[in-house]
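Inspection log for the structure reproduced underneath, given as C-alpha coordinates.
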Amino acid sequence: MNRNVAIVGMAGIFPTCASLTEFGDKLFANESLIRPWGEAVALGKQVRSSVSGYTTLEEAGLSAQWSKSLPGYPDMYFDVRERIPYQYMATADIGSIWAMLSSMETVEMSGWQKKEVESERTGISIGSGGGGHSVLRPAWNSFFNEGKKSRNIGSHGVDRAMVYRDTANVACLLKTQGICESLGSACATGLSNIGYAYRMIRFGLQDRMLAGGVEGTSIETFVGFDAMSVLSRGYEPGKSSRPFSKDRNGFVCSFGGAVLALEELERAKARGANIIAVIDGYHNNADGDGDMFAPSYDGQKRLWRGLKAQVPGLKPDVVKAHGTSTPAGDSIELFSIASELGETGYHISAPKSQFGHMLGAAGAVELVASLLMLQRQTVSPCLNSEELSSEKEWVQEQEHWAGTMEPIAAFRDLLPTHAVKKEINQVVSLNYGFGGTNAAISISRYGA
Amino acid sequence: MTRQDVLDGIVRILKEVKTVDQEALKNISEDSDFIADLGLPSTEMINIIAKAEDEFQLEFDDDDVDALDSKVSETIDLVMRTQQKK
(Lines give C-alpha, C1' and ligand atoms only; values in the text may rest on other atoms or scores of the structure.)
Protein backbone atom coordinates (compact mmCIF):
# COMPACT_ATOMS: atom_id res chain seq x y z
CA MET A 1 0.00 0.00 0.00
CA ASN A 2 1.59 3.26 -1.15
CA ARG A 3 -0.54 6.30 -0.36
CA ASN A 4 0.11 9.97 -1.05
CA VAL A 5 0.72 12.35 1.82
CA ALA A 6 -0.29 15.99 2.19
CA ILE A 7 0.99 18.66 4.56
CA VAL A 8 -2.05 20.42 6.03
CA GLY A 9 -0.63 22.37 8.96
CA MET A 10 2.56 24.02 10.20
CA ALA A 11 3.53 26.08 13.21
CA GLY A 12 6.61 26.77 15.26
CA ILE A 13 8.71 28.88 17.55
CA PHE A 14 10.83 31.20 15.43
CA PRO A 15 13.44 33.63 16.84
CA THR A 16 12.24 37.24 17.13
CA CYS A 17 8.93 36.31 15.48
CA ALA A 18 5.52 36.31 17.14
CA SER A 19 3.86 34.34 14.34
CA LEU A 20 4.36 32.20 11.26
CA THR A 21 3.40 35.20 9.13
CA GLU A 22 6.08 37.37 10.73
CA PHE A 23 8.60 34.57 10.23
CA GLY A 24 7.82 34.47 6.50
CA ASP A 25 7.84 38.25 6.22
CA LYS A 26 11.31 38.45 7.76
CA LEU A 27 12.73 35.56 5.72
CA PHE A 28 11.70 37.12 2.44
CA ALA A 29 12.73 40.62 3.55
CA ASN A 30 16.30 39.29 3.86
CA GLU A 31 16.41 39.90 7.62
CA SER A 32 18.64 38.16 10.11
CA LEU A 33 16.98 36.75 13.24
CA ILE A 34 20.35 36.32 15.00
CA ARG A 35 21.29 38.56 17.93
CA PRO A 36 23.63 38.62 20.92
CA TRP A 37 22.51 36.11 23.53
CA GLY A 38 22.69 37.40 27.10
CA GLU A 39 23.27 33.96 28.64
CA ALA A 40 26.33 33.43 26.46
CA VAL A 41 27.55 37.02 26.77
CA ALA A 42 27.46 36.59 30.57
CA LEU A 43 29.99 33.76 30.27
CA GLY A 44 32.62 36.22 29.03
CA LYS A 45 35.87 34.60 27.98
CA GLN A 46 34.63 31.13 28.87
CA VAL A 47 33.05 30.93 25.43
CA ARG A 48 34.23 31.80 21.91
CA SER A 49 30.80 32.74 20.56
CA SER A 50 27.90 34.68 22.03
CA VAL A 51 25.31 35.08 19.27
CA SER A 52 22.26 32.96 18.63
CA GLY A 53 18.81 32.77 17.12
CA TYR A 54 16.75 32.25 20.25
CA THR A 55 13.40 32.92 21.87
CA THR A 56 13.09 34.09 25.47
CA LEU A 57 10.54 32.79 27.94
CA GLU A 58 8.76 36.14 27.78
CA GLU A 59 8.68 36.16 23.99
CA ALA A 60 7.02 32.73 24.01
CA GLY A 61 4.46 33.88 26.60
CA LEU A 62 6.02 31.77 29.36
CA SER A 63 7.43 32.28 32.83
CA ALA A 64 9.22 30.04 35.32
CA GLN A 65 9.02 29.28 39.01
CA TRP A 66 12.61 28.76 40.10
CA SER A 67 13.35 26.39 42.95
CA LYS A 68 14.26 27.96 46.28
CA SER A 69 16.47 25.06 47.27
CA LEU A 70 18.09 24.21 43.89
CA PRO A 71 19.57 27.32 42.26
CA GLY A 72 18.75 27.48 38.57
CA TYR A 73 16.26 24.62 38.73
CA PRO A 74 12.84 25.30 37.22
CA ASP A 75 10.25 23.87 39.61
CA MET A 76 7.81 24.49 36.82
CA TYR A 77 7.21 26.64 33.77
CA PHE A 78 3.99 28.59 33.37
CA ASP A 79 2.03 29.48 30.30
CA VAL A 80 1.22 33.12 30.92
CA ARG A 81 -1.34 33.04 28.10
CA GLU A 82 -3.00 29.92 29.58
CA ARG A 83 -2.94 27.91 26.37
CA ILE A 84 -1.69 24.72 28.08
CA PRO A 85 -3.30 23.36 31.31
CA TYR A 86 -1.01 23.30 34.37
CA GLN A 87 -0.85 19.51 34.58
CA TYR A 88 0.85 19.38 31.19
CA MET A 89 3.20 22.25 31.98
CA ALA A 90 4.42 20.34 35.06
CA THR A 91 5.89 17.56 32.90
CA ALA A 92 7.49 19.78 30.29
CA ASP A 93 10.85 21.40 29.65
CA ILE A 94 11.10 24.40 27.32
CA GLY A 95 11.36 22.29 24.17
CA SER A 96 8.33 20.19 25.13
CA ILE A 97 6.32 23.33 25.78
CA TRP A 98 7.27 24.63 22.35
CA ALA A 99 6.28 21.26 20.87
CA MET A 100 2.88 21.48 22.58
CA LEU A 101 2.26 25.07 21.51
CA SER A 102 3.29 24.30 17.94
CA SER A 103 1.16 21.14 17.86
CA MET A 104 -1.95 22.96 19.08
CA GLU A 105 -1.46 25.63 16.45
CA THR A 106 -0.79 23.21 13.61
CA VAL A 107 -3.84 21.11 14.54
CA GLU A 108 -5.93 24.26 14.37
CA MET A 109 -4.53 25.06 10.93
CA SER A 110 -5.13 21.49 9.76
CA GLY A 111 -8.82 21.63 10.60
CA TRP A 112 -8.68 18.25 12.35
CA GLN A 113 -11.54 17.77 14.77
CA LYS A 114 -11.36 16.20 18.24
CA LYS A 115 -12.39 12.76 16.94
CA GLU A 116 -9.62 12.87 14.35
CA VAL A 117 -6.99 13.94 16.87
CA GLU A 118 -8.03 11.47 19.58
CA SER A 119 -7.75 8.54 17.20
CA GLU A 120 -5.69 5.36 16.84
CA ARG A 121 -4.95 6.58 13.33
CA THR A 122 -3.23 9.76 14.55
CA GLY A 123 0.37 9.57 15.71
CA ILE A 124 3.14 11.81 17.00
CA SER A 125 6.81 11.89 16.04
CA ILE A 126 8.71 14.92 17.34
CA GLY A 127 12.38 14.84 18.31
CA SER A 128 15.14 16.92 19.84
CA GLY A 129 18.88 17.04 19.39
CA GLY A 130 19.77 17.77 23.01
CA GLY A 131 19.03 15.90 26.18
CA GLY A 132 17.16 18.09 28.65
CA HIS A 133 20.41 19.63 29.89
CA SER A 134 18.87 22.77 31.38
CA VAL A 135 16.72 20.67 33.73
CA LEU A 136 19.38 18.11 34.55
CA ARG A 137 22.38 20.36 35.24
CA PRO A 138 21.06 21.99 38.45
CA ALA A 139 19.51 18.66 39.47
CA TRP A 140 22.79 16.75 39.14
CA ASN A 141 24.67 19.56 40.84
CA SER A 142 22.30 19.38 43.82
CA PHE A 143 22.61 15.63 44.11
CA PHE A 144 26.22 14.89 43.22
CA ASN A 145 28.04 18.04 44.28
CA GLU A 146 25.94 19.24 47.19
CA GLY A 147 24.92 15.83 48.48
CA LYS A 148 21.22 16.65 48.75
CA LYS A 149 18.61 13.90 48.80
CA SER A 150 17.24 12.73 45.48
CA ARG A 151 13.74 13.95 46.32
CA ASN A 152 15.02 17.54 46.09
CA ILE A 153 15.02 17.01 42.33
CA GLY A 154 11.30 16.33 42.60
CA SER A 155 9.15 14.10 40.48
CA HIS A 156 9.77 15.79 37.13
CA GLY A 157 13.46 15.21 36.53
CA VAL A 158 12.76 12.23 34.29
CA ASP A 159 9.72 13.29 32.29
CA ARG A 160 11.26 16.68 31.51
CA ALA A 161 14.54 15.21 30.32
CA MET A 162 13.74 11.84 28.73
CA VAL A 163 14.68 11.40 25.09
CA TYR A 164 11.14 11.49 23.69
CA ARG A 165 9.77 14.12 26.09
CA ASP A 166 8.51 16.31 23.26
CA THR A 167 6.36 13.61 21.70
CA ALA A 168 5.27 12.34 25.13
CA ASN A 169 4.02 15.74 26.25
CA VAL A 170 2.18 16.40 22.99
CA ALA A 171 0.54 12.95 23.04
CA CYS A 172 -0.67 13.47 26.61
CA LEU A 173 -1.94 16.97 25.88
CA LEU A 174 -3.81 16.03 22.70
CA LYS A 175 -4.78 12.48 23.77
CA THR A 176 -3.76 10.92 20.47
CA GLN A 177 -3.94 7.11 20.36
CA GLY A 178 -1.64 6.25 17.48
CA ILE A 179 2.12 5.82 17.43
CA CYS A 180 3.98 7.88 20.01
CA GLU A 181 7.72 7.93 19.33
CA SER A 182 10.72 10.16 18.64
CA LEU A 183 13.62 9.64 16.29
CA GLY A 184 17.01 11.12 17.01
CA SER A 185 19.53 11.83 14.28
CA ALA A 186 21.45 14.89 15.52
CA CYS A 187 20.98 17.83 13.19
CA ALA A 188 18.77 15.79 10.84
CA THR A 189 16.33 14.99 13.68
CA GLY A 190 13.58 17.39 12.61
CA LEU A 191 13.48 16.07 9.06
CA SER A 192 13.95 12.45 10.16
CA ASN A 193 10.81 12.64 12.28
CA ILE A 194 8.86 14.15 9.40
CA GLY A 195 10.20 11.51 7.03
CA TYR A 196 9.22 8.78 9.48
CA ALA A 197 5.74 10.28 9.77
CA TYR A 198 5.47 10.40 5.98
CA ARG A 199 6.32 6.70 5.82
CA MET A 200 3.80 5.83 8.53
CA ILE A 201 1.04 7.36 6.42
CA ARG A 202 2.38 6.28 3.04
CA PHE A 203 2.56 2.65 4.12
CA GLY A 204 -0.93 2.73 5.65
CA LEU A 205 0.00 2.51 9.33
CA GLN A 206 -1.44 5.93 10.26
CA ASP A 207 -3.77 8.44 8.58
CA ARG A 208 -2.52 11.56 10.33
CA MET A 209 0.77 12.49 11.99
CA LEU A 210 2.11 15.45 13.90
CA ALA A 211 5.83 15.53 13.23
CA GLY A 212 8.80 17.80 13.61
CA GLY A 213 11.64 18.83 15.86
CA VAL A 214 12.36 21.21 18.69
CA GLU A 215 15.54 22.44 20.31
CA GLY A 216 14.74 24.10 23.62
CA THR A 217 16.97 26.96 24.72
CA SER A 218 19.95 25.52 26.54
CA ILE A 219 23.22 27.23 27.36
CA GLU A 220 24.62 23.74 28.01
CA THR A 221 23.96 22.73 24.39
CA PHE A 222 25.53 25.98 23.21
CA VAL A 223 28.65 25.42 25.33
CA GLY A 224 29.02 21.89 23.96
CA PHE A 225 29.33 23.19 20.40
CA ASP A 226 31.39 26.19 21.49
CA ALA A 227 33.86 23.74 23.00
CA MET A 228 34.31 22.11 19.60
CA SER A 229 35.32 25.48 18.08
CA VAL A 230 32.73 25.00 15.35
CA LEU A 231 30.71 28.16 16.02
CA SER A 232 31.04 31.31 13.96
CA ARG A 233 33.31 33.91 15.45
CA GLY A 234 34.38 37.45 14.68
CA TYR A 235 31.32 38.84 12.91
CA GLU A 236 28.50 41.09 14.05
CA PRO A 237 25.36 39.00 14.80
CA GLY A 238 23.58 39.48 11.47
CA LYS A 239 26.72 38.58 9.53
CA SER A 240 27.71 35.57 11.64
CA SER A 241 25.90 32.92 9.67
CA ARG A 242 27.21 33.08 6.11
CA PRO A 243 26.76 29.77 4.25
CA PHE A 244 28.85 29.38 1.09
CA SER A 245 30.64 32.72 1.63
CA LYS A 246 34.37 32.90 1.18
CA ASP A 247 34.96 33.83 4.81
CA ARG A 248 32.53 31.51 6.57
CA ASN A 249 34.03 30.13 9.75
CA GLY A 250 31.36 28.21 11.61
CA PHE A 251 27.67 27.97 12.41
CA VAL A 252 25.46 29.95 14.77
CA CYS A 253 23.95 27.78 17.50
CA SER A 254 20.23 28.52 17.64
CA PHE A 255 17.03 27.29 19.25
CA GLY A 256 13.41 26.94 18.17
CA GLY A 257 11.05 24.34 16.83
CA ALA A 258 8.32 23.42 14.38
CA VAL A 259 5.60 20.82 14.08
CA LEU A 260 3.83 19.89 10.84
CA ALA A 261 0.50 18.15 10.32
CA LEU A 262 0.68 15.34 7.75
CA GLU A 263 -2.41 13.59 6.38
CA GLU A 264 -3.18 10.94 3.81
CA LEU A 265 -3.97 12.94 0.67
CA GLU A 266 -7.35 11.41 -0.23
CA ARG A 267 -8.69 12.03 3.29
CA ALA A 268 -7.43 15.60 3.22
CA LYS A 269 -9.10 16.16 -0.17
CA ALA A 270 -12.35 14.55 0.95
CA ARG A 271 -12.77 16.90 3.89
CA GLY A 272 -11.79 19.95 1.84
CA ALA A 273 -8.57 20.61 3.77
CA ASN A 274 -6.25 23.44 2.89
CA ILE A 275 -3.39 21.44 1.39
CA ILE A 276 -0.16 23.38 1.77
CA ALA A 277 1.92 20.86 -0.21
CA VAL A 278 2.21 17.21 -1.08
CA ILE A 279 5.26 15.12 -0.24
CA ASP A 280 6.80 13.64 -3.40
CA GLY A 281 9.28 11.41 -1.60
CA TYR A 282 11.70 11.06 1.29
CA HIS A 283 15.02 9.28 1.48
CA ASN A 284 17.69 8.93 4.13
CA ASN A 285 20.97 7.09 4.48
CA ALA A 286 24.38 7.13 6.15
CA ASP A 287 27.80 8.11 4.83
CA GLY A 288 29.35 4.76 5.64
CA ASP A 289 32.85 6.18 5.76
CA GLY A 290 33.52 5.75 9.45
CA ASP A 291 33.71 9.49 10.14
CA MET A 292 31.55 10.99 12.88
CA PHE A 293 31.81 14.60 11.74
CA ALA A 294 32.99 15.12 8.15
CA PRO A 295 30.32 15.37 5.46
CA SER A 296 30.55 12.85 2.62
CA TYR A 297 30.26 13.72 -1.06
CA ASP A 298 29.55 10.09 -1.84
CA GLY A 299 26.95 9.81 0.92
CA GLN A 300 25.15 12.92 -0.31
CA LYS A 301 25.19 11.74 -3.93
CA ARG A 302 23.69 8.45 -2.82
CA LEU A 303 21.08 10.44 -0.92
CA TRP A 304 20.10 12.28 -4.10
CA ARG A 305 19.96 9.08 -6.11
CA GLY A 306 17.69 7.51 -3.50
CA LEU A 307 15.36 10.49 -3.66
CA LYS A 308 15.37 10.49 -7.46
CA ALA A 309 14.43 6.82 -7.49
CA GLN A 310 11.31 7.71 -5.52
CA VAL A 311 10.44 10.86 -7.45
CA PRO A 312 10.70 10.21 -11.19
CA GLY A 313 11.43 13.42 -13.07
CA LEU A 314 12.58 15.22 -9.92
CA LYS A 315 13.32 18.80 -10.95
CA PRO A 316 13.27 21.13 -7.97
CA ASP A 317 12.98 24.86 -8.48
CA VAL A 318 14.69 25.36 -5.12
CA VAL A 319 17.06 23.22 -3.09
CA LYS A 320 16.82 24.21 0.55
CA ALA A 321 20.36 23.34 1.64
CA HIS A 322 21.56 22.26 5.06
CA GLY A 323 24.07 25.12 4.56
CA THR A 324 25.53 25.44 8.03
CA SER A 325 28.23 28.05 7.27
CA THR A 326 31.05 25.65 8.09
CA PRO A 327 34.04 25.51 5.71
CA ALA A 328 33.79 21.77 5.03
CA GLY A 329 30.03 21.30 5.03
CA ASP A 330 29.01 23.97 2.55
CA SER A 331 31.51 23.13 -0.18
CA ILE A 332 30.73 19.41 -0.26
CA GLU A 333 26.99 20.08 -0.17
CA LEU A 334 27.15 22.58 -3.04
CA PHE A 335 29.28 20.25 -5.15
CA SER A 336 27.01 17.25 -4.55
CA ILE A 337 23.88 19.25 -5.40
CA ALA A 338 25.43 20.61 -8.61
CA SER A 339 26.69 17.17 -9.52
CA GLU A 340 23.19 15.72 -9.31
CA LEU A 341 21.10 18.63 -10.65
CA GLY A 342 23.50 20.45 -12.96
CA GLU A 343 24.74 24.00 -12.68
CA THR A 344 21.65 25.96 -13.78
CA GLY A 345 17.85 25.92 -13.61
CA TYR A 346 17.27 26.14 -9.86
CA HIS A 347 18.25 28.14 -6.80
CA ILE A 348 19.83 27.10 -3.52
CA SER A 349 18.35 28.58 -0.35
CA ALA A 350 20.17 28.61 2.99
CA PRO A 351 17.76 29.61 5.79
CA LYS A 352 20.46 29.06 8.42
CA SER A 353 22.01 32.25 7.03
CA GLN A 354 19.03 34.06 8.59
CA PHE A 355 18.31 32.23 11.84
CA GLY A 356 21.31 30.00 12.49
CA HIS A 357 21.41 26.27 13.10
CA MET A 358 18.55 24.99 15.24
CA LEU A 359 20.14 21.55 15.62
CA GLY A 360 17.38 18.97 16.22
CA ALA A 361 14.78 21.50 15.15
CA ALA A 362 16.58 22.56 11.97
CA GLY A 363 14.95 20.04 9.64
CA ALA A 364 11.44 20.95 10.78
CA VAL A 365 11.87 24.73 10.87
CA GLU A 366 13.64 24.69 7.51
CA LEU A 367 10.86 22.59 5.99
CA VAL A 368 8.47 25.30 7.20
CA ALA A 369 10.72 27.79 5.39
CA SER A 370 10.47 25.57 2.29
CA LEU A 371 6.67 25.48 2.54
CA LEU A 372 6.64 29.27 2.85
CA MET A 373 8.73 29.45 -0.33
CA LEU A 374 6.05 27.40 -2.11
CA GLN A 375 3.26 29.54 -0.67
CA ARG A 376 4.88 32.88 -1.39
CA GLN A 377 6.61 31.85 -4.64
CA THR A 378 9.84 33.35 -3.38
CA VAL A 379 13.27 31.84 -2.75
CA SER A 380 14.73 32.74 0.64
CA PRO A 381 18.34 33.92 0.35
CA CYS A 382 21.82 32.76 1.19
CA LEU A 383 22.38 35.85 3.30
CA ASN A 384 25.96 37.16 3.59
CA SER A 385 27.15 35.16 0.58
CA GLU A 386 28.17 38.20 -1.48
CA GLU A 387 31.79 37.07 -1.63
CA LEU A 388 32.41 33.57 -2.95
CA SER A 389 35.80 31.94 -3.13
CA SER A 390 37.60 31.62 -6.44
CA GLU A 391 40.13 29.29 -4.85
CA LYS A 392 39.95 25.53 -4.60
CA GLU A 393 38.20 24.18 -1.52
CA TRP A 394 40.14 21.87 0.78
CA VAL A 395 38.13 18.89 -0.39
CA GLN A 396 39.17 19.51 -4.00
CA GLU A 397 42.77 19.06 -2.98
CA GLN A 398 42.20 15.62 -1.52
CA GLU A 399 43.75 12.73 -3.40
CA HIS A 400 40.54 10.82 -4.05
CA TRP A 401 38.28 13.78 -4.81
CA ALA A 402 36.03 12.83 -7.73
CA GLY A 403 33.81 15.90 -7.96
CA THR A 404 34.05 19.23 -9.77
CA MET A 405 37.24 21.26 -9.74
CA GLU A 406 35.31 24.50 -10.18
CA PRO A 407 35.52 26.90 -7.22
CA ILE A 408 32.40 27.93 -5.30
CA ALA A 409 32.38 31.26 -7.18
CA ALA A 410 31.52 29.36 -10.36
CA PHE A 411 28.11 28.60 -8.83
CA ARG A 412 27.18 32.25 -8.16
CA ASP A 413 23.90 32.02 -10.10
CA LEU A 414 22.63 29.25 -7.85
CA LEU A 415 23.20 31.22 -4.63
CA PRO A 416 20.97 34.29 -4.30
CA THR A 417 22.15 36.92 -1.84
CA HIS A 418 18.59 38.26 -1.63
CA ALA A 419 15.12 36.74 -1.87
CA VAL A 420 14.08 35.92 -5.45
CA LYS A 421 10.50 35.88 -6.68
CA LYS A 422 9.83 33.19 -9.28
CA GLU A 423 7.55 30.26 -10.06
CA ILE A 424 8.23 27.51 -7.53
CA ASN A 425 6.48 24.18 -7.93
CA GLN A 426 8.90 21.83 -6.20
CA VAL A 427 11.40 22.21 -3.34
CA VAL A 428 13.92 19.67 -2.05
CA SER A 429 14.97 20.09 1.57
CA LEU A 430 18.23 18.61 2.87
CA ASN A 431 19.59 17.99 6.36
CA TYR A 432 22.58 16.08 7.69
CA GLY A 433 23.85 15.20 11.14
CA PHE A 434 26.78 13.91 13.18
CA GLY A 435 27.29 10.22 12.63
CA GLY A 436 27.02 10.64 8.87
CA THR A 437 23.23 10.68 8.72
CA ASN A 438 21.64 12.31 5.68
CA ALA A 439 18.00 13.10 4.90
CA ALA A 440 16.20 14.57 1.87
CA ILE A 441 12.55 15.32 1.20
CA SER A 442 10.83 16.64 -1.90
CA ILE A 443 7.61 18.65 -1.62
CA SER A 444 5.39 20.09 -4.35
CA ARG A 445 2.54 22.54 -4.65
CA TYR A 446 -0.74 20.67 -4.61
CA GLY A 447 -2.02 20.33 -8.14
CA ALA A 448 1.16 21.67 -9.73
CA MET B 1 6.15 25.48 66.45
CA THR B 2 2.46 24.60 66.74
CA ARG B 3 0.40 22.40 64.45
CA GLN B 4 -1.24 25.58 63.11
CA ASP B 5 2.21 26.99 62.29
CA VAL B 6 2.90 23.86 60.27
CA LEU B 7 -0.45 24.05 58.52
CA ASP B 8 0.26 27.70 57.67
CA GLY B 9 3.64 26.67 56.23
CA ILE B 10 1.98 23.98 54.13
CA VAL B 11 -0.47 26.57 52.80
CA ARG B 12 2.48 28.81 51.86
CA ILE B 13 3.95 25.94 49.88
CA LEU B 14 0.67 25.00 48.21
CA LYS B 15 -0.09 28.57 47.17
CA GLU B 16 2.84 28.37 44.78
CA VAL B 17 1.87 24.98 43.36
CA LYS B 18 -0.28 25.73 40.35
CA THR B 19 -1.66 22.21 40.08
CA VAL B 20 -3.39 22.70 43.45
CA ASP B 21 -7.01 23.88 43.43
CA GLN B 22 -6.47 27.35 44.90
CA GLU B 23 -10.18 27.75 45.73
CA ALA B 24 -10.20 24.51 47.69
CA LEU B 25 -7.00 25.62 49.42
CA LYS B 26 -8.96 28.37 51.17
CA ASN B 27 -10.82 25.65 53.10
CA ILE B 28 -7.81 23.51 53.98
CA SER B 29 -7.77 21.87 57.39
CA GLU B 30 -5.88 19.03 59.05
CA ASP B 31 -8.60 16.70 57.76
CA SER B 32 -8.01 17.68 54.14
CA ASP B 33 -6.48 15.26 51.67
CA PHE B 34 -3.84 16.66 49.28
CA ILE B 35 -5.08 14.55 46.39
CA ALA B 36 -8.82 14.09 47.00
CA ASP B 37 -9.60 17.57 48.32
CA LEU B 38 -6.94 19.85 46.86
CA GLY B 39 -6.56 18.27 43.45
CA LEU B 40 -2.83 17.62 43.80
CA PRO B 41 -1.64 15.02 41.27
CA SER B 42 -0.17 12.03 43.14
CA THR B 43 3.16 12.58 41.36
CA GLU B 44 3.44 15.96 43.09
CA MET B 45 3.27 14.55 46.65
CA ILE B 46 7.02 14.02 46.87
CA ASN B 47 7.58 17.59 45.70
CA ILE B 48 5.44 18.89 48.58
CA ILE B 49 7.41 16.78 51.05
CA ALA B 50 10.73 18.06 49.70
CA LYS B 51 9.47 21.63 49.89
CA ALA B 52 8.30 21.00 53.47
CA GLU B 53 11.81 19.91 54.42
CA ASP B 54 13.06 23.17 52.98
CA GLU B 55 10.30 25.26 54.56
CA PHE B 56 10.78 23.84 58.05
CA GLN B 57 14.55 23.25 57.79
CA LEU B 58 14.20 19.53 58.55
CA GLU B 59 15.26 16.27 56.99
CA PHE B 60 12.67 13.50 57.14
CA ASP B 61 13.59 9.83 57.44
CA ASP B 62 13.01 7.92 54.21
CA ASP B 63 10.93 5.30 56.07
CA ASP B 64 8.63 8.03 57.37
CA VAL B 65 8.26 9.55 53.91
CA ASP B 66 7.51 6.14 52.39
CA ALA B 67 4.82 5.54 55.00
CA LEU B 68 3.01 8.87 54.42
CA ASP B 69 -0.43 8.91 52.88
CA SER B 70 -1.99 12.00 51.37
CA LYS B 71 -3.72 13.32 54.51
CA VAL B 72 -2.58 16.80 55.53
CA SER B 73 -2.66 15.72 59.19
CA GLU B 74 -0.05 13.03 58.48
CA THR B 75 2.36 15.56 57.02
CA ILE B 76 1.83 17.78 60.05
CA ASP B 77 2.49 14.76 62.30
CA LEU B 78 5.71 14.09 60.40
CA VAL B 79 6.92 17.66 60.73
CA MET B 80 6.11 17.78 64.46
CA ARG B 81 7.71 14.38 65.10
CA THR B 82 10.88 15.23 63.17
CA GLN B 83 11.09 18.61 64.89
CA GLN B 84 11.01 16.93 68.30
CA LYS B 85 13.87 14.61 67.30
CA LYS B 86 16.15 17.58 66.53
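The values are calculated or read from the model by the stated rules, or taken from the named source; none is laboratory data. Everything quoted here is computed from the prediction, not taken from an experiment. In this analysis, Cβ positions are derived from the backbone assuming ideal geometry, glycine residues included, and neighbour counts consider all displayed protein chains. Just so you know, the surface numbers come from the protein's heavy atoms only, side chains and all, with ligands and any DNA or RNA stripped out. Shrake-Rupley method; radii C 1.70, N 1.55, O 1.52, S 1.80 Å.
At a glance:
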| read-out | value |
| --- | --- |
| Average partner coverage of B:48-60, which counts Cβ from other chains inside 10 Å | 3 |
| Binned Cα-Cα distances of the range A:198-277, short to long, each 5 Å bin given as a whole percent | 3, 12, 15, 14, 11, 9, 9, 12, 10, 5, 1 |
| Pairs from A:68/B:85; A:149/B:85; B:18/B:71 whose Cα-Cα separation, in the structure shown, is over 28 Å | none |
| Overall form of the range A:1-123 per C-alpha gyration tensor (a/c, 1.5; a/b vs b/c) | oblate |
| Trypsin sites (Lys or Arg not before Pro) within the range A:338-399: DSSP coil, no more than 14 neighbouring Cβ in 10 Å | A:392 |
| Charge sum, other residues only, whose C-beta stays under 15 Å from residue A:425's C-beta, Lys/Arg counted +1 and Asp/Glu -1 | +3 |
| Cα gyration tensor, chain A - rounded (a/c under 1.5), prolate or oblate | oblate |
| Accessible area expressed per residue, chain A, with surrounding protein chains retained (probe 1.4 Å, Å²) | 37 Å² |
| Size of the A/B contact, given as accessible area buried on both chains, probe 1.4 Å, in Å² | 1300 Å² |
| Rounded, prolate or oblate (a/c below 1.5 giving rounded, otherwise prolate when a/b exceeds b/c) for the range A:288-330 by Cα gyration tensor | oblate |
| Trypsin sites (Lys or Arg not before Pro) restricted to DSSP loop in the range A:126-180 with at most 14 other C-beta within 10 Å | A:149, A:175 |
| Karplus 3J(HN,Hα) series, Hz, for the range A:321-330 with 6.51 cos²θ - 1.76 cosθ + 1.60 (x for Gly, Pro) | 7, 5, x, 7, 5, 9, x, 6, x, 5 |
| In the range A:33-108, GluC sites (Glu not before Pro) in a DSSP loop with at most 15 other beta-carbon atoms within 10 Å | A:58, A:59, A:82 |
| Helix-only [θ]222 nm of chain A, DSSP H runs n ≥ 4, -39500 (n - 2.57) each, per residue, nearest 500 | -8500 deg cm²/dmol |
| Exposed-site-free run, longest, chain B (rule: GluC sites (Glu not before Pro); DSSP loop; at most 14 other C-beta within 10 Å) | B:17-58 |
